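Just below is one structure, and these are the notes that go with it.
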Amino acid sequence: MIRGGRPLHGVVQISGAKNSAVALIPAAILAESAVTLDNLPAISDVAVYSDILRDLGAVVERKDDIIRIDPSELKSVPMPNGKVKMLRASYYLMGAMLGRFGEAVIGLPGGCNFEPRPIDQHIKGFEALGATVVNEHGAMRITAKELRGAKIFLDIVSVGATINIMLAASRAKGSTIIENAAKEPEIIDVATLLNAMGARIKGAGTETIRIEGVDQMHGCRHSIIPDRIQVGTYMIMAAATRGDVTVEGVIPKHMEAVTAKLREMGATVEELDDAVRIISSDEPYHPVDVKALVYPGFATDLQSPMTSLLTQANGVSVLSDYIYGNRFKHVPELALMGANIRLEGRSAIIEGGPLSSAKVHATDLRAGAALVIAGLTVKDGITEVTGVEYIDRGYDNLVENLRRLGADIWRETTSDDK
Ligand code: EPU
């Protein structure tokens, strides 16, 4: 529930990245001894993944933002159903189990289904490494007598496929080269952990990644990179409410695409060592065109939050998503709040204007964030956002953080939740 119209002011501290954490946790099972991860986000996807590892026989201990995963007693248990269906990133168990045991049975992933999200490039990678992949009633059975390094050219730049191939290839015999690899900061984070565990990976963060397989991997300690999508969401919230917010625990370099767009709209963004400060003025925002692309382009995960901000610009903006062309489930909800948005192919054409309060529903994580941002801008009435369990998947302490920044926001259990 949001009573909007208040500018956000103050400091917010950002946790580790969800999309790193959900890869680093399964990566830990490639080790024969305990892996400790710091800067863990307190989000539901991490809790579910920890339970999945426990079901596989790992000892998982968590204290505050630190998780210790001891996979020494891990067993090769088939996971065709159950918790794996609750997460998108359960697909990383395919690469990690394949690397560790030479076999994996993992149900096709669930998670945010804003549009069909195929995993053909992951499978192509496993097959190139010598695995046989069979779809058994919605679960992938992946087996290999021996994984052998290979040269793999990805047809599509895919974060998930790049990481999954790195996981399996770390334990293959010989060298693997991934061409047309994804370059997201989360890929570098996973490679950094794997190298600390004894893997030999070079080139992460470029389009060519080379992996020399190793026989054994061991435990280590690693600190998760900041969540650039949470950072971007708070930057957008600050601008949307005409506030002045310092977001701390940030790698400003990761934020360049967002920073550039906020500046183009007319907000001031200061880049500090490990923080960014967003200072709004009372001048009308300029409309801008935004294209969601692979990193270092504007992140598709910030496309929905950005839609809400662009409703506050003075004029017509065009926002196109070149990663997920149908990721616009937030648009009909924003229309209920009075937004003037037309969808054309993979673009949203947004005519700025004030929003009004309404009861709206989040259908996925980032759509949920977009609706909260929209609610924060509304000057009269209370906006009710349902489906907030999606928001819990990727934003830790969102309500508490926003309250500290001066927002009038609270949670209620509605009849829809019972
Ligand atoms: N694709 C294929 N085949 C594949 C893999 C991907 O066609 O085998 C396509 C996808 O359909 C999409 C594009 O390639 O059009 C890129 O998908 P990618 O594989 O990079 O996405 P992902 O790894 O499944 C991760 C994040 C997403 C984020 C995307 C893009 C995780 C767990 N998820 O997904 O995050 O949107 O990269 O940056 O890392 C979110 O956090 O809200 C979220 C959805």
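Here are the numbers for the structure shown:
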read-out: Whether the range 18-216 is rounded, prolate or oblate, judged on the alpha carbon gyration tensor where a/c under 1.5 counts as rounded; value: rounded
read-out: Value at 222 nm in deg cm²/dmol, rounded to 500, when DSSP H runs of n ≥ 4 in the chain each add -39,500 (n - 2.57); value: -8500 deg cm²/dmol
read-out: Highest-first arrangement of 296-308, 191-203, where packing means the average Cβ count within 10 Å; value: 296-308, 191-203
read-out: Total lysine pairs whose alpha carbons fall under 27 Å of each other in the range 139-294 (8 or more apart, or interchain); value: 15
read-out: Positive minus negative residues near Arg3 (Lys, Arg vs Asp, Glu; Cβ under 10 Å); value: 0
read-out: Candidates His254, His218, His137, ranked by Gaussian network fluctuation over the chain, Cα under 10 Å, top entry; value: His137
read-out: Shape category assigned to the chain from the gyration tensor of Cα positions, a/c cut at 1.5; value: prolate
read-out: Hits among lysines - C-alpha to C-alpha of Lys359 under 27 Å, sequence gap 8 or more where chains match; value: Lys329, Lys379, Lys418
read-out: Among Asn19, Val385, Leu319 the positive-end extreme of the charge dipole of the chain (Cβ point charges); value: Asn19
read-out: Percent of Cα pairs exceeding the 16 Å cut-off, where the set is the range 290-365; value: 45
read-out: Top positive-direction residue, dipole computed over the range 132-172 with Cβ charges, set Thr143, Ile156, Ser170; value: Ser170
read-out: Relative contact order of the range 62-203, defined on C-alpha pairs under 8 angstrom at six or more residues apart (%); value: 21
read-out: Degrees between helix 365-377 axis and first principal axis of the chain (Cα, 0 to 90, nearest 10); value: 20
read-out: Dipole magnitude of the chain, debye to nearest 20 (Cβ charges: Lys/Arg +1, Asp/Glu -1, about Cα centre); value: 680
read-out: Net length gained if the chain between Phe153 and Asp51 were fully extended (0.36 nm per residue, minus Cα distance); value: 33.3 nm
read-out: The range 70-217, dipole about Cα centre (Lys/Arg Cβ +1, Asp/Glu Cβ -1), debye to the nearest 20; value: 220
read-out: Crossing angle, helix 228-240 versus the chain [Cα axis fit, 0-90 degrees, rounded to tens]; value: 0
read-out: Rounded if a/c under 1.5, otherwise prolate or oblate - the range 189-284, Cα gyration tensor axes; value: prolate
read-out: Relative contact order (%) - criterion: Cα under 8 Å, at least six apart; region: the chain; value: 19
read-out: The range 1-138, relative contact order [Cα under 8 Å, separation at least 6], %; value: 20
read-out: 0 to 90° range, to nearest 10: angle between helix 18-27 axis and the chain longest Cα axis; value: 10
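Quick note: the coordinates plus some simple rules give every number you see, no bench work behind them. Here the structure is a predicted model, which is why all the values come from computation and not from measurement. Here Cβ is always computed from backbone atoms with ideal geometry, including for glycine, and neighbour counts include all displayed protein chains.
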